[in-house]
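Visitor: Sharing a structure with you now.
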Amino acid sequence: MSAAASPAASSAVTAQHSLIGRVGSQVDQHVAAAVREGLVRRPKRLPAWLFYDAEGSRLFDEITKLPEYYLTRTERAIFAEHGAEIMARAAGGARLRIAELGAGSAEKTRVLLRAAVERQQRVVYEPIDVSASALDGACQLIECEVPGVTVAPRVMDYTHGDGEQFRLGSVSDGERHLVLYIGSSIGNFEPSEALRLLRRVRAGLQAGDSFLLGVDLVKNENALLDAYDDAAGVTAAFNRNILVRVNSELDANFNPFTFAHCAMWNRAESRIEMHLVSRVAQQVKIAALDLTVDFACGETIHTENSYKYGPGEAEALLEEAGFASDATWTDARQGFAVCLGRAA
Ligand code: AVI
C-alpha cells in the first residue's frame, strides 16, 4: 500500500491532490492514478485508502459496532480498565500533552482523555490528520464532552516518508508528549511501511515522550474471518463501496453486485486479506480514464491487508523504530494489545 489506509487518513490523501475539471464533475488525479495503476496490473488491486469516502467512513463506523468486529470494543475495554495506569506510565511524573494520529472521533479516545483529565485536570489534545475536514468533524464535540480538554487540531501528512517532517506543538517545562496510534490502524500498512511511519514519529519526539500503539493479535482463524465477513454484510458493503466510489468519481460502470466480497486469512503473512471476486467474465468501462478493464470469472481485486501481530511483535516493532518498549496491556483473551513505547 502506498498510502495510508486508516479511516482518518483516508480522505486525507485525496484532499491534498489537485482536482481537474471535466464535463459536469471533477476528477481527483490521485484517485485516477491509483485506480488506473491498480486495475491494469496483475493481480489487480485497489488501495485501501479508497474505502474512505463519506459512505465508506459511515460503513466503517457501522463495522466498529458489529458483534463480530471485536477490535474496537476490546481496545476500548483495555482503555477503560487500564487508562489511569497508561497515563501514569506515559507521564512519569510530568504533565501530558496528547496527540493522536488520525482524527479521534471514536469514544475510545475519549476514554483515554478522561483518564488524563482525572490525573492532571486539563489536557491539550492534538488530533493530527491530513484532512482538515476530518479534523473539523471529529473534534468539535470533544471539548464539550470531556471538560478539561483543549483541542488543538493539526493538519499534517504523517504517512509519507517523503512528506513534511513529523512535528508536534512545543511542550512547556514539565510537559511530555504522548502520541496515540490506536485502533489497529498500523495493521493496514505493509510491515516495512509501518516501521517507516513509526521511525518518522520517533524522529519528531524527545527523550521521555511516549507512543501508544493499538494492535490486533493473531487468534483463532474463524474469529478473524468473522470480523471481516460479518453476518449482516456490512463489511461486504464496505468492500464493494470502493467500486461504487470508482463509478461516481471516475464515471465507471461497475455493477458492484457482480463482485463477491471475500475475506481470507493469509497465515504465512499473518494478515487478513480482503478481495472482490468477479462472479462472471465481464468488461468494465472507466470513462474518466478512457480505460476498459477485462475481468475473467473468478478474477480478484485485492483491496486490503490487515496485519495481525504475534506475541512480542508489536514491542519488537516499537524497539526497531527507536522506542523502548515500556508496557503492554491486553484483554483476558489476548485478542488485542495496547503497547506503550518510550522515546529513549
Ligand atoms: C481501519 N482498519 C484498522 C480496519 C481493519 O480492521 O483493518 C479496516 C477494516 N477493514 C474491514 N473491516 C475493517
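Visitor: Any idea which of Glu299, Glu315, Glu319 is in contact (Cβ under 8 Å) with a residue 60 or more places away in the chain and of a type in the set (Asp, Glu)? Reasoning before the result, please.
Guide: Details: Glu315 fails: in contact (Cβ under 8 Å) with a residue 60 or more places away in the chain; Glu319 fails: in contact (Cβ under 8 Å) with a residue 60 or more places away in the chain.
That would be Glu299, the only listed residue that is in contact (Cβ under 8 Å) with a residue 60 or more places away in the chain and of a type in the set (Asp, Glu).
Visitor: Tell me yes or no: at least one residue of the stretch 327-336 is under 21 Å from Glu193 (Cβ atoms), more than 16 Å from the ligand (Cβ to nearest atom) and open to solvent by less than 20 Å² (accessible area, probe 1.4 Å).
Guide: Checking the stretch 327-336: not a single residue is under 21 Å from Glu193 (Cβ atoms), more than 16 Å from the ligand (Cβ to nearest atom) and open to solvent by less than 20 Å² (accessible area, probe 1.4 Å).
Let's see how each residue does on (1) open to solvent by 10 Å² or more (accessible area, probe 1.4 Å); (2) touching a Ser or Thr at 6+ places or on another chain (Cβ under 8 Å); (3) within 16 Å of the ligand (Cβ to nearest atom); (4) part of a helix (DSSP H, G or I):
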{"residue": "Ser192", "(1), (2), (3), (4)": "yes, no, no, yes"}
{"residue": "Leu213", "(1), (2), (3), (4)": "no, no, yes, no"}
{"residue": "Lys219", "(1), (2), (3), (4)": "yes, no, yes, no"}
{"residue": "Ala223", "(1), (2), (3), (4)": "yes, no, yes, yes"}
{"residue": "Asp229", "(1), (2), (3), (4)": "yes, yes, yes, no"}
{"residue": "Ala237", "(1), (2), (3), (4)": "yes, no, yes, yes"}
{"residue": "Arg245", "(1), (2), (3), (4)": "yes, no, yes, yes"}
{"residue": "Phe257", "(1), (2), (3), (4)": "yes, no, no, yes"}
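Visitor: Related question: So which strands (runs of 3 or more DSSP E) stay within the stretch 1-106 end to end and still have 3 or more residues that are modelled with pLDDT under 95 and either in contact with a strand residue (DSSP E or B) (Cβ under 9 Å, 6 or more places away or on another chain) or away from the ligand (no atom under 16 Å from the Cβ) (or both)? Let's see the steps before the verdict.
Guide: On the way: elements: 19-22, 25-28, 95-101.
Passing ranges, in order: 19-22, 25-28.
Visitor: Could you list, ordered by first residue, the pairs with Cβ atoms under 7 Å in which the first is in the stretch 187-205 and in contact (Cβ under 8 Å) with a residue 12 or more places away in the chain and the second is open to solvent by 40 Å² or more (accessible area, probe 1.4 Å), at least 6 apart or interchain?
Guide: Note: pairs meeting the criteria are Leu195/Glu320; Arg196/Gly161; Arg200/Gly161; Gly204/Gln165; Gly204/Arg167.
Visitor: Output yes when any residue across the stretch 303-317 is more than 16 Å from the ligand (Cβ to nearest atom), hydroxyl-bearing (Ser, Thr, Tyr) and touching a strand residue (DSSP E or B) at 6+ places or on another chain (Cβ under 7 Å), and no when none is.
Guide: Taking every residue of the stretch 303-317 in turn, none turns out to be more than 16 Å from the ligand (Cβ to nearest atom), hydroxyl-bearing (Ser, Thr, Tyr) and touching a strand residue (DSSP E or B) at 6+ places or on another chain (Cβ under 7 Å).
The values are calculated or read from the model by the stated rules, or taken from the named source; none is laboratory data. Bear in mind the structure is a predicted one, so any value in this text is a computation, not a measurement. Counting neighbours? That spans all protein chains shown, and the Cβs are built from the backbone with ideal geometry, glycine included. In case anyone asks, the SASA skips ligands and DNA or RNA and just uses the protein heavy atoms, side chains included. Shrake-Rupley method; radii C 1.70, N 1.55, O 1.52, S 1.80 Å.
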